[in-house]
Amino acid sequence: MTEWLNVILQGVLIGGLYAMFAAGLSLIFGVMRLVNIAHGDLIVLAAYVALMVTQALGIDPLTSLIFVVPVMAIIGYALQRGLLNYTLGDDLLPPLLVTFGLSIIIQNGLLEWFTADSRKLQAGPIEIQTFQVMHGVWIGLLPLIQFAVAAAVIAGLQMLFYKTALGRAFRATSDDQAVAQLMGLDTRHVFAMAMALSLAVIAVAGVFLAVRTNFDPAIGPARLIFGFEAVIIGGLGNMWGTLVGGIILGVSQAIGAQIDPGWQLLAGHIVFLAILAVRPQGLFPKVWG
Amino acid sequence: MPDPLLELRAIDAFYGDFQALFGVSLKVNAGEVVAVIGANGAGKSTLLKSIAGMMPPRRGDIVFDGQPVGGAPAFDVLRRGIALVPEGRRLFPSLTVAENLLIGGQSRRPGPWSLTRVYDLFPVLAERRNLPAPSLSGGQQQMCAIARALMSNPRLMLCDEISLGLAPIVVRDIYARLPAIVAEGLSLILVEQDIAQALKAAAQVYCLQEGRIALQGNAAELTRESISAAYFGI
Amino acid sequence: MSRVEHATRSSRIGVALIGVALIVLALAPFWGDRQMLRLLAEVFTFVALASLWNLLAGYAGLVSVGQQAFVGLGGYLLFALVILAGVHPIVAILIAGPIGALVAVPVAALIFRLRGAYFAIGTWVVAEVFRLLASQISVLGGGSGISLPAAMVVAMAPSRQAREFEIYWLALALTAAVLGTIVALLRSRHGLALTAIRDNELAAQSNGIDVTRIKLIVYVLTGFGTAMIGALIFLMKLRISPDTAFSVNDWTAFVIFITVIGGIGRIEGPIVGTIVFFIMRQTLADLGSLYLLIMGAVAIVVMLWAPKGLWGLIAERFGWQALPLQRRLVLAPKTEEPGERS
């Protein structure tokens, strides 16, 4: 009994990470209807940026976020302004194929630069600290921090969306791009800000991923898929929904892995497909715009 | 005579290969109300879109306040002081009334209009400020669209068919507030199908027919016959 | 009488050239060496895969990044049928097609619920599920894969040379069949609907075209062809593993780049793209992962600056079409050759 409780708890906590993968994806889809195929590779890129920062400055991974988040945000802004804005329009193909090309470029660029070797970020003693919540049920400090950060990121995004001028601009642009321009919003800038924010979230997700597990240049696409599944399970356009989606995915994987290690990923995909079959709009659909 | 606030010199505008405007010239002086009338498809909305930067003209000049603006993107045109109240209102449906107004004020141009002032002008918007924009009635939505444009403190406001789909009493109500707006020193271009309202409100009238100016003159001096001739092309 | 005609002078020349090319290629075992045959057979499989993806994405608007699901399925069906049921490899390839189509039906039922770009990622999830399931099949080597037993290979043909000729002709025949089917489909009643969908899906819908049905037909047909080509590819490789069979890079990234570079939404595009792709591969292969990086960059550049691809540039410049696909109305008094374009 307590064994399964531990398994489910692990799944819930990893679900926070998946929700962070999903939040950035959901954000840019909401604002500009763009699905970024390179999303997962950008998460891995963030992990490598953190690797370089921690090695160069000798700081621990969580502190490195002070540098990794702005660096990724700037990359996001530049990427949108310099490339992705030119792909947006009525045709679906250009953004899809350009981000797919980007995904291949990032993967192979990382491979060229860092080789295919597995890496990991060392966060020090907090990695192994655990505490007991009830008899036989343990929680790791790091997974807990990660989950709390994920919840904070989502709450922050939610607040930004509904309480700030930038969020208002995001929602207005999502509603009606032409009229947003008429109201003095430079939508190229608004889109670039959305991508910057998406990559800031990616930066946080990438650092936690790198602390938790080994990473190499090829693991990006699987992260894209996890994020995507969490978005669809939770319901498009609902930030808190993505957290629930992430948790469902995490728990499914944890239970699958407990039954048979080969079933970890499969269980997640199957739950996703099952939800798609019975509730294609997701559990909590709410589309802003 | 002072320079006009807005001057269009022989502009041609196209939708792809289809030419919608042919050598249209037009002047608006500071503080003046100009009406543009014409049948459906005569190019009235295209004219406003060209001025607002949504559809840059292919040929001809648009000069605003002594500066050329033709080809500038819409957000830049707004920042220079031209605001459009688009046809069909087009409020942002996922924003509240107040948020719609704040988006209008995002450019932070200085001037007389603020949330308080537009709420004074349209008190019903103040009452409903926290409701989603689609919950307003048609007339209230039109007021909100006008207020949203005012929030950018424009020097020239372009109104595209503000009477469209509204009950006559609501139209009269909205038109009754235009003098208060003009009194703050801004100029208006009214695009209307409701000719009677347009003629009452405007000093100058231009009539468009198939993309060309068919008639122009003082609202008081134009005869009904000359207008219907220009309107219908008979 | 007025009538609708497909052919133009350039397409008549095109068809004649294709006929000559087919004969020359069919005779390749007599003029080419072993290396050449292997390379050509690989070129054929990519032409076929890219043409199928082009039909899916370029015409039906179903942008899939998960066609490796069907390539891998075909490969695994070949190995399963040959190893477990003792079926002749060529028969196994022919069986792989209908099974691929059969599997495509429930897959479509599921992922057609997703729109646009989300559909794309949905197809990828399905491919991942297939890959993970394949690694659970222990009789076929599980995660590490399996080779085709030598005895089964020898059973195909007694000598190595005869076997190589057989596989080469099979590759040529299958690719020709795939291309022929696509051309026939595009020239059929469905073809007009597909072109309408490609040009404007909403307009097609409002003109009474059952868009979903046609998309389903295309998806299932593509599953058929892709599974068959997948089986062929792994008969050529003689070894299969989940990672190679369901590789997104090999069977989707390359295929998409080929189609985009050659010209998406045009039947000639994948052929032109494959030729460019193999030239690039032969010249840049030494660069390792940099080569993939360059491919990605070229595809992005083409997508942004020449969205109709290389063939699109050529076709627009000269008004060419290699295959008689466009419909032109030929008016009654003009019984003579009406010229390049009407």
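Quick note: the coordinates plus some simple rules give every number you see, no bench work behind them. Since the model is a prediction, treat every value here as computed from it, not as a measurement. We place every Cβ from the backbone using ideal geometry, glycine too, and count neighbours over all the protein chains shown.
Tabulated results
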| read-out | value |
| --- | --- |
| Residues with amide H under 5 Å from that of B:GLY60, placed H, sequence gap 5 or more | B:ASP12 |
| Prolate/oblate/rounded call for the range C:38-81, Cα gyration tensor, a/c under 1.5 rounded | oblate |
| Residues A:TRP240, A:TRP4 arranged by fewest to most Cβ contacts within 10 Å | A:TRP4, A:TRP240 |
| In degrees, nearest ten, helix A:93-114 long axis to first principal axis of chain A (Cα) | 50 |
| 5 angstrom amide H check on B:MET55, placed H, neighbours 5+ away | B:SER50 |
| The range C:87-99 - phi-based ³J(HN,Hα) in whole Hz, Karplus 6.51/-1.76/1.60, Gly and Pro as x | 6, 4, x, 5, 5, 4, 4, 5, 6, 4, x, x, 5 |
| Estimated translational D of chain C in µm²/s (Stokes, Kirkwood radius over Cα pairs; 25 °C; 0.890 mPa s) | 117 |
| Semi-axis lengths (Å, descending) of the ellipsoid that matches the C-alpha gyration tensor of the protein assembly as shown | 55, 39, 22 |
| Simple spin-label estimate for C:LEU313 and C:ILE90 in nanometres, 7 Å along Cα-Cβ | 4.2 |
| Separation of alpha-carbon centers, the range C:33-56 and the range B:31-87, rounded to whole Å | 55 |
| C:SER135, A:SER103, C:SER188 arranged by Cβ crowding within 10 Å, fewest neighbours leading | C:SER188, C:SER135, A:SER103 |
| Residue-by-residue Karplus 3J(HN,Hα) for the range B:188-196, coefficients 6.51, -1.76, 1.60, Hz, glycine and proline x | 10, 10, 9, 9, 9, 9, 7, 5, 4 |
| Measure of compaction for the range C:211-253 (Cα Rg per 2.2 N^0.38 Å) | 1.40 |
| Between the range C:60-119 and the range C:282-296, the Cα center-to-center distance that results, in Å | 29 |
| Long-range amide H partners of B:GLU32 with built H, under 5 Å | B:LEU188 |
| Antiparallel bridges, percent of DSSP beta bridges restricted to chain B (to nearest 5) | 50 |
| Modelled label reach - B:ASP76, point 7 Å along Cα→Cβ, the range B:152-182 residues with backbone N closer than 19 Å | B:155-156 |
| Potential extension, A:VAL137-A:HIS189 segment - 0.36 nm per residue separation minus Cα distance | 13.9 nm |
| Quarter of Cα convex hull surface for the range A:24-104, i.e. mean projection, nm² | 5.6 |
| Cα pair distances in chain B, grouped into 5 Å bins until the bin that holds the longest one, percent each | 1, 7, 15, 19, 20, 17, 12, 7, 2, 0, 0 |
| Relative contact order [Cα under 8 Å, 6+ residues apart], chain C, whole percent | 35 |
| Neighbour-count ranking [beta-carbon atoms within 10 angstrom, fewest first] of C:GLU268, B:GLU184 | B:GLU184, C:GLU268 |
| Among beta bridges that DSSP assigns inside the protein assembly as shown, antiparallel share in %, nearest 5 | 60 |
| At R0 = 22 Å, FRET efficiency that the Cβ-Cβ distance of A:ILE126 and A:ALA222 yields, to 0.05 | 0.30 |
| Convex hull volume of chain A per residue (C-alpha atoms, cubic angstrom) | 134 |
| Cα-based reach from B:LYS27 at 14 Å (exclusive), listing aspartates and glutamates while leaving out same-chain residues under 8 positions away | B:ASP3, B:GLU7, B:ASP61, B:ASP65 |
| Global form of the range A:105-187, assessed from the alpha-carbon gyration tensor, a/c cut-off 1.5 | oblate |
| Cα centroid separation - the range B:90-160 against the range A:229-273, whole Å | 43 |
| Share of alpha-carbon pairs per 5 Å distance bin for the range C:40-173, given as whole % | 2, 9, 16, 20, 19, 15, 10, 6, 2, 1, 0 |
| Sequence-distant aspartates and glutamates (8 or more away, or on other chains) whose Cα lies within less than 12 Å of C:LYS215 | C:GLU201 |
| The range B:81-168 shape via C-alpha gyration tensor axes, a/c threshold 1.5 | oblate |
| For the protein assembly as shown, size of Cβ-based charge dipole, Lys and Arg +1, Asp and Glu -1, in debye | 580 |
| Estimated vicinal HN-Hα couplings, Hz - the range C:267-272 in sequence order (Karplus 6.51, -1.76, 1.60; Gly, Pro = x) | 5, 6, x, x, 5, 4 |
| Pairwise FRET efficiency - A:ALA152 versus B:ASN130, Cβ, R0 = 25 Å, nearest 0.05 | 0.40 |
